[in-house]
Every structure is written in C-alpha cells, then in structure tokens.
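Structure provided below as structure tokens; questions to follow.
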Amino acid sequence: MAEGQTAQTAFFDVTINQVTAAEEIEGYVPENSEHQFAIVNVTIKNTFEDFDSIPMFCDDFELTWEALEGETTFPEYQFYDEQLPDEYSLKYGESRTGNLVFIVPKDVYTYQMKYYEMWDDNFIGNTYYINFSLPKE
C-alpha cells in the first residue's frame with residue numbers, strides 16, 4: 001500500500017492518505033459488474049512560489065495497471081461530496097484533501113497513479129508515479 005507516500009512535483013506535493021475499494025458509492029455502481037471503485041484519498045499542497053495560485057483538475061492524475069500496457073484511465077468526475085472537485089485552485093502554501101475515484105477491475109490489486117508536469121507553454125516536464133495496492137477482500 002502507498003499510504004503516506006508523497007510525490008514532490010515542481011508545483012505541489014501529493015500524498016496518498018488512504019486507498020480503499022468499493023462496489024458502490026452512494027448508490028452509484030460501475031456499469032460493468034466486473035469492475036469496482038478504487039478510492040484514493042490524497043492531500044495536495046501547493047509548493048510553487050512563482051504564482052499566487054495554481055489551477056488543479058481531477059484529471060491531472062491518471063491510473064494505470066499492468067494489463068493496460070502503459071495506457072491510463074482518468075478519475076470519475078465529481079458525483080459525491082468527498083471527491084475532489086473537477087476543477088479548483090490552490091494558493092501557495094494551501095492544501096486540499098479529498099478522494100480521486102477510479103473505476104478498476106475487481107481482480108487487479110496493484111496500480112500506479114501517474115502525474116506529469118505540464119507547463120504553461122505545453123512543455124511536459126517530469127512524470128511521477130506512486131505505486132499502491134488495493135486491499136484484497
């Protein structure tokens with residue numbers, strides 16, 4: 001499990017606080033019965049001094065696992081209160097905690113959450129991965 005792991009990017013620190021799996025969230029279920037929700041609770045702290053605030057989007061973070069062979073999937077857009085908003089800003093030094101919710105196969109337990117730095121001029125900087133595992137029932 002990656003709980004407590006922090007990735008330090010050029011813009012922010014992201015820490016995985018907790019990882020859980022759920023077959024339904026507040027009445028919502030994945031369309032495919034072979035899938036479940038992976039709920040990744042994160043804290044994101046703006047560490048970028050050059051701007052007063054940075055824009056954040058839920059799809060800044062992607063998820064991959066071995067069977068995807070390098071392809072990724074994005075989190076679900078916000079459908080319940082504990083998720084991070086689809087779009088928000090963080091002032092320098094400010095942090096925000098919330099859930100990223102991904103739809104994943106029930107029979108896969110090991111994942112990588114991915115973030116890559118995208119600068120204003122569309123320059124792609126470093127790519128960061130945080131490995132985590134879902135608990136087996």
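The values are calculated or read from the model by the stated rules, or taken from the named source; none is laboratory data. Note that the structure is predicted; figures quoted are calculated from it, not measured. Glycine also receives a Cβ, built like all others from the backbone with ideal geometry; neighbour counts cover every protein chain displayed. Just so you know, the surface numbers come from the protein's heavy atoms only, side chains and all, with ligands and any DNA or RNA stripped out. Shrake-Rupley method; radii C 1.70, N 1.55, O 1.52, S 1.80 Å.
Tell me yes or no: at least one residue of the range 107-130 is open to solvent by less than 70 Å² (accessible area, probe 1.4 Å), closer than 13 Å to VAL14 by Cα and assigned to a loop (DSSP other than H, G, I, E, B).
no
Another question, then. How many residues are in contact (Cβ under 8 Å) with a residue 60 or more places away in the chain and not hydrophobic (A, V, I, L, M, F, W, C) if we restrict to the range 95-104?
2
Taking only pairs six or more apart or across chains, which ones have beta-carbon atoms under 7 Å, a first residue in the range 75-94 that is within 19 Å of GLN36 (Cα to Cα), and a second residue that is open to solvent by 20 Å² or more (accessible area, probe 1.4 Å) and among the β-branched types (Val, Ile, Thr)?
GLU76/ILE103
Right, something else. Identify all residues within the range 40-70 that are more than 15 Å from ALA10 (Cβ to Cβ), in a strand (DSSP E or B) and open to solvent by less than 20 Å² (accessible area, probe 1.4 Å); write none if there are none.
Passing the criteria: VAL40, VAL42, GLU62, LEU63, THR64.
Then there is this: Can you pull out every residue in the range 15-31 that is touching a residue at least 24 places away in the same chain (Cβ under 8 Å) and either out of contact with any strand residue (DSSP E or B) (no Cβ under 7 Å at 6 or more places or on another chain) or of a type in the set (Lys, Arg) (or both)?
Correct list: GLU26, TYR28.
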